[in-house]
Amino acid sequence: MASLYAISSDPEQEKDTRDSIREALDSLSSDKDRSTFNIKYNGEVFSRNFKKSDIGLQTINLLEEKNLINDDIIEFLIEDRSCSFFLLKKKEDFTETEIKYRKYRTNDAPELIYKGEEFYVAGNWELGNIHRLINKFTEKFPGLEYETN
């Protein structure tokens, strides 16, 4: 198990290999909630059946694709701590703990680039904090909907 965890976070490994091993490790843990989510905007499905660890990323992807991010919204996103970590963070601001426990996808390319600034999206989502994001973002962005599968 320790070897698999090491490979899953090794930047020398292919991203597909890391992701496959992470999925295998997740499936070995039987007490995990495995529900997936859909995200919609104005009644149109944007993304289906994604894991809760991707809810922040899928939300950012939707906001970016729908051109909903401006200077005020980027500040709202940067300040959000729905998951107890900042939703968006720059690589140079990561702590050792955030890197060690993979709170952000530190081995991958930045997930949002806004006005030349590169941001990573928190992946620290669980049933205890996911509804804070859902409530906050559906209030801020009328037309945004989340569904649990």
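The values are calculated or read from the model by the stated rules, or taken from the named source; none is laboratory data. Just so we're clear, the structure is a prediction, and the values are computed from it rather than from any experiment. Neighbour counts are summed over all protein chains in view; Cβ atoms, including those assigned to glycine, are modelled from backbone coordinates with ideal geometry. In case anyone asks, the SASA skips ligands and DNA or RNA and just uses the protein heavy atoms, side chains included. Shrake-Rupley method; radii C 1.70, N 1.55, O 1.52, S 1.80 Å.
Here are some notes:
- Across segment 127-141, the qualifying residues are those that are touching a residue at least 60 places away in the same chain (Cβ under 8 Å) and under 14 Å from Leu68 (Cβ atoms), and the one among them that is most open to solvent (accessible area, probe 1.4 Å) is Lys140.
- Close pairs (6 angstrom Cβ cut-off, 6 or more residues apart or separate chains): closer than 17 Å to Lys103 by Cβ in segment 1-26, open to solvent by less than 80 Å² (accessible area, probe 1.4 Å) and hydroxyl-bearing (Ser, Thr, Tyr) anywhere: Arg18/Ser8; Arg22/Ser8
- Matching entry among Phe85, Phe141 (being within 16 Å of the chain's Cα centre (by Cα) and aromatic (Phe, Trp, Tyr)): Phe85
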